1. Quick one: would you say His103 is exposed (fewer than 15 other Cβ atoms within 10 Å of the Cβ), touching a residue at least 60 places away in the same chain (Cβ under 8 Å) and out of contact with any Lys or Arg (no Cβ under 9 Å at 6 or more places or on another chain)?
2. Based on what the data block shows, is Ala42 open to solvent by less than 80 Å² (accessible area, probe 1.4 Å), at pLDDT below 95, small (Gly, Ala, Ser) and in a strand (DSSP E or B)?
3. Taking the condition of being open to solvent by less than 70 Å² (accessible area, probe 1.4 Å) and either touching a residue at least 24 places away in the same chain (Cβ under 8 Å) or over 20 Å from Asp100 (Cα atoms) (or both), how many residues in the stretch 188-205 meet it?
4. Given the criteria touching a residue at least 60 places away in the same chain (Cβ under 8 Å) and not in a loop (DSSP other than H, G, I, E, B), does Met130 qualify?
5. If I ask for residues that are among the hydroxyl-bearing types (Ser, Thr, Tyr), without any contact (Cβ under 8 Å) to a residue 60 or more places away in the chain and closer than 29 Å to Leu173 by Cβ, which ones from the stretch 1-46 would you list?
Amino acid sequence: IDFDVERAQVDIASLSAHKMYGPKGVGALYVRRSKPRVRLVAHMDGGGHERGMRSGTLNVPGIVGFGKACELARLEWKQDAERILAMRERLRSRLFEALDEIHLNGSDDPHRVPGNLNVSFSFVEGEAMMMAIRDVAVSSGSACTSASLEPSYVLRAMGLDEELAHSSIRFGLGKFNTNEEVDHVAALVIEQVRKLRDMSPLYEMHKDGINLKQIQWQAH
């Protein structure tokens with residue numbers, strides 16, 4: 001995506017190399033110098049690297065790789081974004097045409113990263129879905145909360161109820177993906193969602209016209 005610190009009025013921005021196909025384990029920090037000037041406090045004492053802000057030997061190969069990734073991104077990001085967006089829409093259209101009770105999470109274009117597709121499949125548990133398509137690298141939440149069984153707090157903050165948040169799957173597409181891979185994933189997801197729903201009594205009740213939100217559930 002296009003990102004301009006002046007237009008966005010950003011004072012501090014952290015950048016990760018692996019988000020733009022650079023090496024893992026290296027990043028950069030943008031700090032505004034004026035209007036306003038941002039002052040940082042060092043969290044590590046030692047040799048005084050980075051103008052006293054961070055000590056330790058720098059990862060030179062990682063930095064060089066990050067720089068090359070930035071150069072390639074600057075030259076290729078527009079055509080990459082267009083191609084990735086087309087693949088994402090190909091995946092979305094196939095899923096939404098074949099399945100009912102499927103919900104897009106988050107803003108529609110233009111406020112969505114081209115390679116991001118986050119959807120909820122009602123009456124399908126997200127973790128069960130991930131196991132059913134375990135050969136596909138997907139996520140039911142962010143990497144920093146992947147060890148938690150709680151639904152994504154971001155999706156909950158966006159207004160999704162707990163059931164829909166639990167049934168969410170995030171697909172990430174990138175420049176090295178192909179239309180053939182998109183079609184394979186779409187077919188697999190459609191097949192597995194249908195199988196899982198066939199085992200769901202709640203889905204059967206929904207198809208029979210029963211309003212599940214009005215049922216008073218009791219534990220025995």
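1. On the way: exposed (fewer than 15 other Cβ atoms within 10 Å of the Cβ): yes; touching a residue at least 60 places away in the same chain (Cβ under 8 Å): yes; out of contact with any Lys or Arg (no Cβ under 9 Å at 6 or more places or on another chain): yes.
Yes, satisfied.
2. When the stated conditions are applied, Ala42 does not pass them.
3. Residues of the stretch 188-205 that are open to solvent by less than 70 Å² (accessible area, probe 1.4 Å), as a first pass: 188-190, 192-193, 196-197, 200, 203, 205.
Applying the additional criterion that residues be either touching a residue at least 24 places away in the same chain (Cβ under 8 Å) or over 20 Å from Asp100 (Cα atoms) (or both) yields 188-190, 192-193, 196-197, 200, 203.
Residues in the stretch 188-205 being open to solvent by less than 70 Å² (accessible area, probe 1.4 Å) and either touching a residue at least 24 places away in the same chain (Cβ under 8 Å) or over 20 Å from Asp100 (Cα atoms) (or both): 9 in total.
4. Numbers: touching a residue at least 60 places away in the same chain (Cβ under 8 Å): no; not in a loop (DSSP other than H, G, I, E, B): yes.
So Met130 does not fit the description; no.
5. Initially, the stretch 1-46 is screened for residues among the hydroxyl-bearing types (Ser, Thr, Tyr), giving 14, 16, 21, 30, 34.
Those left that are additionally without any contact (Cβ under 8 Å) to a residue 60 or more places away in the chain: 14, 16, 30, 34.
Correct list: Ser14, Ser16, Tyr30.
So that you can scan it fast, the table gives a plain yes or no per residue for (1) open to solvent by less than 50 Å² (accessible area, probe 1.4 Å); (2) part of a helix (DSSP H, G or I); (3) touching a Lys or Arg at 6+ places or on another chain (Cβ under 8 Å):
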| site | (1), (2), (3) |
| --- | --- |
| Glu6 | no, no, no |
| Gln9 | no, no, no |
| Lys19 | no, yes, no |
| Ala28 | yes, no, no |
| Arg33 | no, no, no |
| Pro36 | no, no, no |
| Gly47 | no, no, no |
| Arg51 | no, yes, no |
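The values are calculated or read from the model by the stated rules, or taken from the named source; none is laboratory data. Since this is a predicted model, take the numbers as computed values, not measurements. Please note: Cβ atoms are built from the backbone with ideal geometry, for glycine as well, and neighbour counts cover all protein chains shown. Ligands, DNA and RNA are stripped out before the accessible areas are found, and what is left, the full protein with its side chains, is counted by its heavy atoms. Shrake-Rupley method; radii C 1.70, N 1.55, O 1.52, S 1.80 Å.
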